[in-house]
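The values are calculated or read from the model by the stated rules, or taken from the named source; none is laboratory data. Predicted, not measured: the structure shown is a model, and the values here were computed from it. Neighbour counts are summed over all protein chains in view; Cβ atoms, including those assigned to glycine, are modelled from backbone coordinates with ideal geometry.
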Amino acid sequence: MSLRILVLEDSRDDVKLIERVLKKDGLVFTMMVVHSRDTFEAALANYEPDLILSDHRLPHYSSAEAFEAFKKKSLDIPFILVTGAVSEEFAVTSLKNGIDDYILKDNLSKLPISIRRALDKFKTESERKVAEEAVRVQNEELLKINGELDSFVYMASHNLRAPLMSISGLVNLIRVEGGEQAAQTSQYLDLITESINRLDGNLRDILDYSRNSRSPLRADPIDLKFLFNGCLEELAYMVPRSEFDFRLSITGGVDFFSDLVRLKIIVSNLLSNSIKYRDARKGKLVIEVQVNTSPENVIILIKDNGTGIHVDYHEKLFDMFFRATENAQGSGLGLYIVREITNKLGGTISFNSSLGFGTEFTLTMPNRHPVPEEDA
């Protein structure tokens, strides 16, 4: 590849010396030589050089003025000073101002090395800028896609849940006003209600997954007793409270801070699984929750006497869309979301379960004390 070199120099002898040194080193180039302000600035606009070599002082122009004109063009090419003796202070100042290098005319043998080094530096810098621009464009596209995905998830969930709630209301209306006819169709209404609740739960799982991926972490004060009782009230459609025993023990007495929305999703999923997979052969379902708070963390143990989980399924329990049986209810996202949220909060989750003997989950979550605001 032939270099296009623009030379600002008023001495023909110096130009010939520069040409001789560069050719001897094997550089392939074409050269335009100018020696005034007007010809230099015209060449910047029209010649499209790959490199500029400039003398320091010409009769009516200086390298400092030439460099200022060069900077205004925003050309991404090297500018090398080729000059006679200059002070060390001038050389340092020139480099600080952005000139890539300076070569003394009595030591032109160093010029080819300086040119190659400067060109390599600009090539590397250009490649870096191209890569950064590609990353910037990609990030903008990802932000756009994420925004569109958020909108889609919200709209899809809203548009699907609205008719579900209408159907649920109509079912309740039939129960209330249908009289004898409603009693005859009670079994079918129960099946419809079950399907509505299942689909609504699947939609909530999708929303929970989207919110966990997008929204920033918070440090809310957590009333643990209120949290667990509130989650149970929201799950009342699954089974009446009279059909299971709920035992809650909270120790430690330390204020606990975490992301309320995310923690509620975790607790609700684990409690709903205990209810969903209760063992009718054991009589009443028993859900036992033990909580211990400390300044560093909170440890939550949720234990039930339900059907339990076969050891063959333990490794896949937190996988996305995993279901232990084809008849399993839910989206297969619940425990996957629980693990993802736990990780997001910086916590850990483990479990112990065997078929026929119930399940025990242990959550360890950091106590996310809010950072005090600095005084204004």
If we only count strands (runs of 3 or more DSSP E) wholly inside segment 38-144, which ones have 2 or more residues that are among the β-branched types (Val, Ile, Thr)? 79-83
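Over 30 Å from Asn367 (Cβ atoms), outside any helix (DSSP H, G or I) and either at pLDDT 85 or above or touching a His at 6+ places or on another chain (Cβ under 9 Å) (or both): does that describe Thr307? Show your work before the answer.
Details: over 30 Å from Asn367 (Cβ atoms): yes; outside any helix (DSSP H, G or I): yes; either at pLDDT 85 or above or touching a His at 6+ places or on another chain (Cβ under 9 Å) (or both): yes.
Taking the combined requirement at face value, the residue satisfies it.
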For Asp208, the lone unmet condition from (1) modelled with pLDDT under 90; (2) loosely packed, with under 13 Cβ neighbours inside 10 Å; (3) assigned to a helix (DSSP H, G or I) is (2)
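Could you tell me which residue of segment 261-293 is surrounded by the fewest Cβ atoms within 10 Å (Cβ to Cβ), considering only residues that are within 29 Å of Asn367 (Cβ to Cβ) and without any contact (Cβ under 8 Å) to a residue 40 or more places away in the chain?
Per the criteria, the residue is Lys264.
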In segment 233-260, residue modelled with the highest pLDDT [restricted to those that are more than 18 Å from Thr364 (Cβ to Cβ) and acidic (Asp, Glu)]: Asp245
Just wondering, is there one or more residues in segment 70-84 that are more than 21 Å from Leu119 (Cα to Cα), in the same structural domain as Leu95 (by TED's automatic domain parsing) and either at pLDDT below 95 or surrounded by fewer than 18 Cβ atoms within 10 Å (Cβ to Cβ) (or both)? yes
Limited to segment 79-115, what total is found for residues that are closer than 15 Å to Ile18 by Cβ and not hydrophobic (A, V, I, L, M, F, W, C)? 11
Test result for Leu51, crowded, with 18+ Cβ neighbours inside 10 Å, within 48 Å of the chain's Cα centre (by Cα), farther than 19 Å from Ile103 by Cα and not small (Gly, Ala, Ser): no
Tally of residues being within 26 Å of the chain's Cα centre (by Cα) and not polar (S, T, N, Q) across segment 222-268: 10
Scanning segment 43-58 for residues that are touching a Ser or Thr at 6+ places or on another chain (Cβ under 7 Å) and among the small types (Gly, Ala, Ser) gives Ser54
Residues located in segment 234-291, provided they are of a type in the set (Lys, Arg) and part of a helix (DSSP H, G or I): Arg241, Arg262, Lys264, Lys276, Arg281, Lys282
Tell me, which residue of segment 1-28 that is in a helix (DSSP H, G or I) and not aliphatic (A, V, I, L, M) is surrounded by the most Cβ atoms within 10 Å (Cβ to Cβ)? Asp14
Kindly indicate the residue of segment 268-296 that is in contact with a Ser or Thr (Cβ under 6 Å, 6 or more places away or on another chain) and of a type outside the set (A, V, I, L, M) and also farthest from Ile309 (Cα to Cα) among those meeting that condition. Asn292
